[in-house]
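The values are calculated or read from the model by the stated rules, or taken from the named source; none is laboratory data. Only a predicted model underlies this, so the values are computations on that prediction, with no experimental measurement involved. Cβ atoms come from the backbone with ideal geometry, glycine included; neighbour counts cover every protein chain shown.
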C-alpha cells in the first residue's frame, strides 16, 4: 500500500497528572534516517519505549509494514525486527563483545560455539564497516565502541529498524563522524533508522526527515528540503499556536527589584570531574547578585546537575573557586555551605528530596538538623521548635496535610514539592539553588511556586534556578544562562531574551 | 489509613504465631507428645511460679542488649550478627579487669569498681563492633561476614582468658575463671538481678537516642533514604561507625552483667541459653519487631517467655529445647514474608 | 618428609570438599543474582539429616543424598519466598541460618536421642585407581572417598557449564544484568530458582560430609562458621567458580595448618591458631578489596517494572 516501515496511530500515554503523549501519529519510511526531536519531557523516550515494548500505550495502534501488531515486551519487538541502542549501554559489562552479541540467540542449541559465532560476527561487522575488539570485556571499552557493539548486536538478531536513543551523548567528534558513516551504509543495506537527539547539527547532517515533538504532541514533520535551523528551533521551542503555551503556563508578573551591590555567589573557573553519569563542568565563571533570579537553560545531561551539586558540596571541585557572600567555600561540607545561607532543592523530589517514611517534621528538619536553633546542648533535637516550624511551613506553603505527624509519602507530588520548597525557607537565605522545582506539577502548584520565587527575590535573596522548560524560565528569570556539554554558552539579560537564540545554543547551534 | 495498617500488622503477627504453633503441634503429634500439655507448658511456665518469672527476666535482660545490638545498625540497613561476639568480648575484658586489679594490689570499693567494670564492658564491646564498622566503612566488607568472623575470634579469646593459668580456677574441669572480688559483683532483689535497672536505663537511652538526639535523627534519616540524607549533608561513614559503636557498647554491657551479676566469674559459653546464644535470639527478636527499637523490650520479654517454656519442656517432658528455637525461626520467617506481602509499599 | 606432604595434601583435600562445595554453591546462586548467606544453616541441617540417614541405613551414600535433598529444600524456600514476595535476601538468609541451626539439633535429638557413646557414621567408600593411586603426592589426590571425586567432577562441570554452554552464558548474564537477559527472552525467575536450588544442593552435600567423613559423628554446631567463611570466599573470588575453588583449597590449607601448628607450638596459645582462619577471611578480603567484583545484580530482587 505505502512504503511505511512503522506507523504509530493516535498513541496516548498518561503518567499520573501528566499527559506524556497526546494522540501522536508517527510514521517512518523504509530505509530512511528519521530524526526525532524535542525538549526534555516532550515525549520522545516515551514514544520509543512504546515501540520497543517497554511501555504499553493507553490508546493507539502500531503497524509494522502495514500489519497491525501488539508489542508487550522487548522480546516481541526484537522478533518483529526492531532493535534499540539505548542511551545508557545495556550490554553486560563483564562480557566481551562476542558473548554480548550471541546472548539469547538460537535457543535450541546448548553448546557455545564461540569460534563459529566469532566468524559470523566478524563477517557481519566487516560488512557493516564496524570493527571492534571481540575478546575484550565491554567494561574496558569506550562509549563509542560499546555503541558499535550494540548496533551489531541488534543487526545480528535481524533488526530491520534501528532506534538510536541520543547516540551521541558520550561520543567524541571523530566517533560521531564514524557513526554517521555507519548509519549511511546501514541505510544502503536497507535498514531503517530512528535517530533521537537534541542536537541541531546532527539532525542537519544525518536525517532524511524529522518529526518534532513538543509537550506530548507532534509539532511538525519536516522533509530534507524544509530542514532549516530556523524551522527546527521554532518548532522545538515555540508553539505554532501561542495560546497553547499560554494556557500551559501560570500567569505571574516579575516586578522590578533592587539588585544587591555585591554578588552573592561567584564561580571562578569551576571544573568538575566527568563521570559515566555526568559530563562535568568545564571552566564555568559567573556571578549572581541578591534580588535576581538566574535561570539555567540546558538540555538535561549537559552539566546542570553538576552545577547545582558543586555549590552545595564543594569538596568535589576539580579546580576553580566558589565564593558565597565574599567568602571562599572550597572544601566545605554541605552543612557548612548551608550555614552560609545557602539552601537547595534537588532534581528528583522522591529519590533525593524526601524521607518517604518520615513524617513532615522529620522532613522539614532535613538539612537543618545541625542548626543551633533546633538543638539543645548540641545533642538534643528541639522537636517543639521543629513542630512549630513545620506547622508554619504547612500554613505558608498551603501544604494539604492534616498535621506535622503525617507521613510524607501519603502526600501528592505537588504537596511534597511544597514541603521541599518550604524546607528551604525555614531560615532566611541568601541563595536558593532549585532544580526543576515545577516538573510534573499542575499549573496552580506551579503558579504557587513561581510566586514564592518572586517573593524570595523581592526580599533580596539570589536564586539559581535550573529548569527544563524554557518558557517557564523566560517568565521568571532576570537572566538566563545556557549550558551545553558542561560549558557556559552565554548569559542573556531579560531584555535580550529570545527563544530562538537561547534554544539554538541549548542544542549546540552556533553562537 | 493508619488504622487499616495497624489492623494488618495485628493479623500478620497473629497468623505468623499461629502457623508456627501449628508446626510445633504437628511435630509434637508425630513424636507422640501431649500437644495441649506442650502448648500450656510453653506459654504459662513463666507466670505460674515466681521462679519461672525470675528466670524469664534473667533471660530478658541480656536479650534486650543483643537485640539492640542488631537493631541499631539494622536501622541503617546493616546486619550486625556480632551481638554475641561483642557480648563475649565485653564480658571477657570485664572479667580481666575485675580479676587483675586485686591481683596487682588495687582493691577498689564497690561504688568505684562497678562503674569501672560497666565502662570497661561498654568500651570493649564498642571497640569490638567498631572493627566491623570500620571494615564496612573503609573496605566495604559486608558486616554479615565480618561480625560472624569476629564472633569466632571472641569465642577463642574468651577461651584463652578462661584457660589462662593467671585467671583459671584450678578446681574446675571446664574453662572457668576464679570468682570476681565481691566489690566487683552485683546481687539480686527478689530473685531478679540488679542489672534490670541498667537494662531499663538502656531502653530509655535508646529511646532518647533515636527519638530525641541529632545522631538518632541522622540514623533515622539514612534508614529512610540514604540519597536524600547524604544530599542534605549527613555523613554516612561517620554514622556507620557511631551505630556500630553503640550496638557493640550495648552488647558489651550485656556481657558485663552476665559476668558480674549472673555468674560472678567468666565461664566459657556464658552468653548462651536454651540451646543457642543470645546473639541469635537478638537477631530473631529484632526481626520480629522489624527493627523498631521501641518494640524491642516487649518482644524480648515474650521471646524469653518462650525460652523459659522451652527449658520446662525439656525438663518435664524431655522435648528438646530446639523445638522452640525452631518455632521462633519459623515465626520470623512467616512475619518477614507476610509483612512484605501485606504491607508492601510502592 | 614425603609422608608429611602426602598426609598434609590429603587432609587439605578433605577439608577442601567442605569449603569448595559450599562456596561453589554460593557462587552458583550468586551468578543468577541470589546472594545466599544461609550456607551455615543449610550445612547444619544437612549434616544432621545426612548423619541420621547414613547412621540408620548404614549407608554413607544415602546420607549424602539426603543432605543434598535437605539443601534443595532450603534452596527452594529461599528462592520461593524471595521471588514471590521480594523479601530482602539477607533477612531471609539469616532467618534460614537460624532455622537450620534449630532444625539440626532438633532432628538429631528427636531421632537419635542422647547416647552414652557417640554413634559412628558408616565408612564412605574410597576409590583407588590402580597403579596411579600409589604414586607419592598424586596418591594424596587420588586415594580419596567418592565425594572428593564428586568435587573434581563438579569443578570440571561448573567450568564447562558457565564457559562452554549457552545456558551458562545466559545464567552469567542474569547475575550481571537481569534486564539484558530478560530482554532476549531468558526466563530470569526460573533460572534464579534453578541456580539457588542446585547451589544449595552442593552446600547440602558439603554439610553431610562433615559428620559422615570428617568427624565421623554428629556434634551440635558442627559447621563452626565454615558456611559463613564460604560466603567470604565467594566474595573474595568475585563470584568466579575457578577462584572459589582456589579459595576453597586455600582455606582448607589454612585450617589444616592452624590445626597442626596448634599441636606443635608450645609458646603461642592454641586459641590464636583457632582464630587464624576467621581472621584470614577478613585480611584476605581487605587485601583483595580492589579486585573484588560483585555480579551487578546480586542481592537485588528483579522485577520487570
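Some notes on this structure:
- Qualifying residue in the range C:141-161 (condition: in contact with a strand residue (DSSP E or B) (Cβ under 9 Å, 6 or more places away or on another chain) and either within 14 Å of chain B (Cβ to nearest Cβ) or on the phi > 0 side of the Ramachandran plot (or both)): no
- Candidates A:429, A:394, filtered to the one that is over 20 Å from residue A:342 (Cβ atoms) and either at pLDDT 90 or above or more than 10 Å from chain B (Cβ to nearest Cβ) (or both): A:394
- Wholly enclosed helices (runs of 4 or more DSSP H) of the range B:1-93 bearing at least 3 residues farther than 21 Å from residue B:207 by Cβ and free of Cβ contacts under 8 Å to residues at least 40 places away in the same chain: B:2-30, B:35-48
- All of C:258, C:224, C:237 fail the test of being away from chain B (no Cβ under 12 Å) and either in contact with a strand residue (DSSP E or B) (Cβ under 9 Å, 6 or more places away or on another chain) or surrounded by 17 or more Cβ atoms within 10 Å (Cβ to Cβ) (or both), apart from C:237.
- Any chance residue A:350 is touching a helix residue (DSSP H, G or I) at 6+ places or on another chain (Cβ under 7 Å) and closer than 30 Å to residue A:299 by Cβ: no
- Qualifying residue in the range B:294-302 (condition: within 29 Å of residue C:97 (Cα to Cα) and within 14 Å of chain A (Cβ to nearest Cβ)): no
- Qualifying residue in the range C:269-278 (condition: part of a loop (DSSP other than H, G, I, E, B) and on the phi < 0 side of the Ramachandran plot): yes
- Residue list for the range A:66-89, filter: within 11 Å of chain C (Cβ to nearest Cβ), in contact (Cβ under 8 Å) with a residue 24 or more places away in the chain and in a loop (DSSP other than H, G, I, E, B): A:86, A:89
- Residue-level analysis places residue C:203 outside the set of residues that are buried (at least 20 other Cβ atoms within 10 Å of the Cβ), within 14 Å of chain B (Cβ to nearest Cβ), under 29 Å from residue B:131 (Cβ atoms) and within 17 Å of the chain's Cα centre (by Cα).
- Among the residues of this structure, residue C:33 does not count as one that is crowded, with 22+ Cβ neighbours inside 10 Å, touching a helix residue (DSSP H, G or I) at 6+ places or on another chain (Cβ under 8 Å) and in a helix (DSSP H, G or I).
- Of the residues making up the range A:1-23, those that are closer than 18 Å to residue A:64 by Cα and in contact with a helix residue (DSSP H, G or I) (Cβ under 6 Å, 6 or more places away or on another chain) number 0.
- Residue within the range A:38-57 that is assigned to a strand (DSSP E or B) and more than 11 Å from chain C (Cβ to nearest Cβ) present: no
- Scanning the range A:336-351 for residues that are at the interface with another protein chain (Cβ under 8 Å from one of its Cβ atoms) and assigned to a loop (DSSP other than H, G, I, E, B) yields a count of 1.
- Only one of C:25, C:50, C:102 that is closer than 19 Å to residue C:227 by Cα, within 13 Å of the chain's Cα centre (by Cα) and either within 14 Å of another protein chain (Cβ to nearest Cβ) or assigned to a helix (DSSP H, G or I) (or both): C:25
- Unique residue being more than 28 Å from the chain's Cα centre (by Cα), facing chain C (nearest Cβ under 9 Å) and at pLDDT 80 or above when the list is A:98, A:102: A:102
- Helices (runs of 4 or more DSSP H) wholly inside the range A:148-242 containing at least 2 residues that are crowded, with 22+ Cβ neighbours inside 10 Å and under 24 Å from the mean Cα position of the chain (by Cα): A:200-206, A:229-237
- Of the helices (runs of 4 or more DSSP H) lying entirely inside the range B:130-227, the ones with 2 or more residues being within 14 Å of chain A (Cβ to nearest Cβ) and more than 28 Å from residue C:94 (Cβ to Cβ) are found at B:195-212.
- For the range A:353-387, filtering for residues that are assigned to a strand (DSSP E or B), at the interface with chain B (Cβ under 7 Å from one of its Cβ atoms) and touching a residue at least 12 places away in the same chain (Cβ under 8 Å) leaves 1.
- Tally, over the range A:113-131, of residues that are surrounded by 20 or more Cβ atoms within 10 Å (Cβ to Cβ) and part of a loop (DSSP other than H, G, I, E, B): 1
- Residues satisfying the stated conditions in the range B:174-193, i.e. over 22 Å from the mean Cα position of the chain (by Cα), buried (at least 20 other Cβ atoms within 10 Å of the Cβ) and under 11 Å from residue B:114 (Cα atoms): B:184
- Residue A:410 fulfils the conditions (1) in contact with a helix residue (DSSP H, G or I) (Cβ under 7 Å, 6 or more places away or on another chain); (2) within 14 Å of chain B (Cβ to nearest Cβ) except for a single criterion, (1).
- Exactly one residue out of B:99, B:108 is surrounded by fewer than 22 Cβ atoms within 10 Å (Cβ to Cβ), over 27 Å from residue B:221 (Cβ atoms), modelled with pLDDT under 95 and touching a helix residue (DSSP H, G or I) at 6+ places or on another chain (Cβ under 8 Å): that is B:108.
- Residue within the range A:470-487 that is surrounded by fewer than 22 Cβ atoms within 10 Å (Cβ to Cβ), over 12 Å from residue A:295 (Cα atoms) and at pLDDT 90 or above present: yes
- Restricting B:248, B:254, B:309 to those that are touching a residue at least 60 places away in the same chain (Cβ under 8 Å), more than 14 Å from chain C (Cβ to nearest Cβ), farther than 29 Å from residue B:94 by Cβ and buried (at least 23 other Cβ atoms within 10 Å of the Cβ) reduces the list to B:309.
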